[in-house]
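The values are calculated or read from the model by the stated rules, or taken from the named source; none is laboratory data. Predicted, not measured: the structure shown is a model, and the values here were computed from it. Please note: Cβ atoms are built from the backbone with ideal geometry, for glycine as well, and neighbour counts cover all protein chains shown. In case anyone asks, the SASA skips ligands and DNA or RNA and just uses the protein heavy atoms, side chains included. Shrake-Rupley method; radii C 1.70, N 1.55, O 1.52, S 1.80 Å.
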Amino acid sequence: MAKLLEGKPVAEKIKEELKKQVSAMPKPPVLASILVGDNAGAQAYVKSQKKTAEGLGIVYQLHSLGNETDEKSLIDFVNKLNADNSVNGIIIQMPLPAAIDYKNISRHISPGKDIEGMNPQNFGRIVFGQAQILPCTAAAVMELLKESGVDLYGKEVVVVGHSEIVGKPVTLLLLDKFATVTVCHIGTSKAGKLEEHVKKAEVLIVAVGRAGLIKGEWVKVGAIVIDVGINRVAERIVGDVEFEAAEKRASFITPVPGGVGPLTVTMLMRNLVEATKAQL
Ligand code: NAD
């Protein structure tokens, strides 16, 4: 039976460290959060981010913009925050209204205040192994792998999902650790090859958003399984991996909820603290 890789205890340890760093600063760091429209999911994220930030002594400044906000006025707003010396970090809540392209907005956030790590300059640094700010979910995955104690050198790692926020940055970070990385995605599934790749994984990282995509019997005995997926199924939140069956074969597995999720917001705060230190 697998050991559970829970995010909360790891997050608590990191938060204790961050609290000390924040209290040693000449003034509390300020996180500016931009919420466009009234999406219920985004409002829930804001609430939990605010609670985490304030628990660490960070000032959480919420800027709510109306549904009618267009790309140009959002960019103008971001530029205002870029120029505001009292703001240390900027986050844009997702989802944005359909008319706004997040990729276009993220490159306007000043790299030094880009605490989501999505400005192309910060992202590009990952390629050169010189990252200062990592995309939060990818950073959370790497923290959980560290917690498992696995030595990634030469390990067969399979990443399922190749999004900009998880799969791609995680792949680059794993390469830096000299893991042998296979990246699977929708094309792999369509070619009927997902099972074959997943079965080889000594470390399996899944970030797709499809409940039960990874069958428990595909998990290699002794594998480490990090399930990033969040899916609502009949009033329950589940991941992308069939947990009950996978847990019997894996050595470590993240629960969903309670695995990657609780760490992601902590990584955001860590990025803010790092960004603030660099600005000081
Ligand atoms: P995305 O939609 O941007 O990307 C999905 C990826 O899955 C793509 O690479 C796509 O090719 C691949 N894919 C889709 N169908 C597939 C299939 N049948 N077989 C193989 N690959 C397939 O997703 P994302 O933003 O990276 O999010 C992925 C999941 O992770 C979602 O459930 C999301 O809610 C969750 N998530 C969790 C956290 C957290 O903090 N725990 C953070 C971010 C995202």
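Here are a few things to note about the model shown:
- Rolled with a 1.4 Å probe across the full set of protein chains, the surface gives T180 an accessible area near 70 Å².
- Contact order relative to length of region 3-85, as percent, for alpha carbon pairs under 8 angstrom and 6 or more apart: 33 percent
- The label point for L280 and the one for S86, both projected 7 Å from the Cα toward the Cβ, are 1.9 nm apart.
- Neighbours of S48, meaning other residues whose beta-carbon lies under 14 angstrom from its beta-carbon, give a summed charge of +4 when Lys and Arg score +1 and Asp and Glu score -1.
- Sulfur and carbon atoms: percent of accessible area, the chain [1.4 Å]: 55 percent
- Mean projected area in nm² (Cα convex hull; one quarter of hull surface) for region 209-274: 5.1 nm²
- The magnitude of the dipole of region 172-270, with charges of +1 and -1 set on the Cβ of Lys/Arg and Asp/Glu and taken from the Cα centre, is near 140 debye.
- With 0.36 nm allotted per residue and the present C-alpha distance subtracted, the A40-I14 stretch has 6.5 nm of extension available.
- Convex hull of region 136-261 built on C-alpha atoms - directionally averaged projected area, nm²: 6.9 nm²
- Charge dipole of the chain (Cα centre as origin; +1 on each Lys and Arg Cβ, -1 on each Asp and Glu Cβ, all else neutral): 380 debye, rounded to the nearest 20.
- Normalised by 2.2 N^0.38 Å, where N is the number of residues, the C-alpha radius of gyration of region 60-145 stands at 1.15.
- Here the label points at I237 and Q21, each 7 Å from Cα along the C-beta direction, are separated by 2.5 nm in the simple model.
- Considering only Cα atoms, the convex hull volume of region 1-119 works out to 129 Å³ per residue.
- Local electrostatic count at S86 - Lys and Arg +1, Asp and Glu -1, tallied over other residues with Cβ under 12 Å: +2
- Inter-centroid distance (Cα atoms) of region 8-52 relative to region 111-152, Å: 18 Å
- Pairs of Cα atoms nearer than 8 Å and 6+ residues apart set the relative contact order; for the chain it is 22 percent.
- Each residue was assigned an accessible area with a 1.4 Å probe, and for E6 the value is about 90 Å².
- Full extension of the chain segment joining T180 with D151 gains 9.2 nm, where the gain is 0.36 nm per residue of separation less the Cα-Cα distance.
- Compactness of the chain, taken as the C-alpha radius of gyration over 2.2 N^0.38 Å, stands at 1.01.
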